[in-house]
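Input: a single structure, listed below in structure tokens.
The values are calculated or read from the model by the stated rules, or taken from the named source; none is laboratory data. Just so it is clear, the structure is predicted and the values come from calculations on it, not from any experiment. Cβ: placed from backbone, ideal geometry, glycine included. Neighbour counts: every protein chain shown.
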Amino acid sequence: MKHCIGCVVVGFLSLVLSLQTASAAPVKGQRLNLTGAAFICVNAAQGGCPQATFDPALGFLANAQGTWVANVALPGQTVVAALTLCGNFNEVGSSITATLDSVPLTASSGFPSAVPMASIQSSGASNQTQCFTTTTITNPTIVNKENQYYVVVVVPDNDGVNFTSVQIEY
């Protein structure tokens, strides 16, 4: 009887350890989608972003002139594979940029500085919704114990450029 109880206990501990090991593995093949509704205007106090509205029927941030930021919450130890910017870019000579930033939680002096992990820019003008992607990622592993993460979108001062989302593949 003692032998059977020991087998059950050892079997249970093996199962628990295997589940812990499996859950600690980095997540792959996922995508975080940040719609325009996730972003807040950074320069509202300086008069930027005054006419912006999120259109829930069309799913985009209209008249989003200025600088916008959204929090990024990804599981620790995942590896960022791509950054994608989507929208309707119908203004000749204008483009939107999206940058995924990492900021250390602490600094030895003053405030820590943002470190760009990836950046993408729209190009061309067409009356269609399209996406632009980069797979060039600097320090792609998410370390939540040491850093915070966010996306910054900069929209030029025009009314023909609207973004629908920023996606992060991991």
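Starting from residues that are touching a strand residue (DSSP E or B) at 6+ places or on another chain (Cβ under 6 Å) and among the aliphatic types (A, V, I, L, M), keep the ones in the range 126-151 and report whichever is nearest to Asn90 (Cα to Cα).
Within the range 126-151, the match that is nearest to Asn90 (Cα to Cα) is Val151.
Give the range 56-71 a look and list any residue that's under 15 Å from Thr129 (Cβ atoms) and surrounded by 14 or more Cβ atoms within 10 Å (Cβ to Cβ), or say none.
Gly59, Phe60, Leu61, Ala62, Ala64, listed by residue number.
Within the range 95-151, which residues are at negative phi, small (Gly, Ala, Ser) and not in a strand (DSSP E or B)?
Initially, the range 95-151 is screened for residues at negative phi, giving 95-109, 111-123, 125-138, 140-151.
So of that shortlist, the ones also small (Gly, Ala, Ser) come out as 95, 98, 102, 107-109, 113-114, 118-119, 122-123, 125-126.
Residues satisfying the conditions are Ser95, Ala107, Ser108, Ser109, Ser113, Ala114, Ser122, Ser123, Ala125, Ser126.
So which of Thr133, Thr138 ends up being within 18 Å of Gln30 (Cβ to Cβ) and either out of contact with any helix residue (DSSP H, G or I) (no Cβ under 9 Å at 6 or more places or on another chain) or at pLDDT below 95 (or both)?
Numbers: Thr138 fails: within 18 Å of Gln30 (Cβ to Cβ).
Step by step, each of Thr133, Thr138 is checked, and only Thr133 is within 18 Å of Gln30 (Cβ to Cβ) and either out of contact with any helix residue (DSSP H, G or I) (no Cβ under 9 Å at 6 or more places or on another chain) or at pLDDT below 95 (or both).
Between Ala57, Ala44, Ala70, which is aliphatic (A, V, I, L, M) and at pLDDT below 85?
Values: Ala57 fails: at pLDDT below 85; Ala70 fails: at pLDDT below 85.
Going through Ala57, Ala44, Ala70 in turn, the sole match is Ala44.
Going residue by residue through the range 76-91, is there one that turns out to be in a loop (DSSP other than H, G, I, E, B), among the acidic types (Asp, Glu) and at negative phi?
Taking the range 76-91 first, the residues in a loop (DSSP other than H, G, I, E, B) are 76-78, 80-81, 90-91.
Add one more test, that the residue is among the acidic types (Asp, Glu), and what stays is 91.
This time we only want the ones that are at negative phi, so: 91.
Yes, the range 76-91 has at least one match.
Condition first: in a loop (DSSP other than H, G, I, E, B) and either of a type in the set (A, V, I, L, M) or within 23 Å of Gln51 (Cα to Cα) (or both). Now tell me which residues in the range 152-170 satisfy that. First the steps, then the outcome.
Narrowing the range 152-170 to residues in a loop (DSSP other than H, G, I, E, B): 156-160, 170.
Passing the criteria: Pro156, Asp157, Asn158, Asp159, Gly160.
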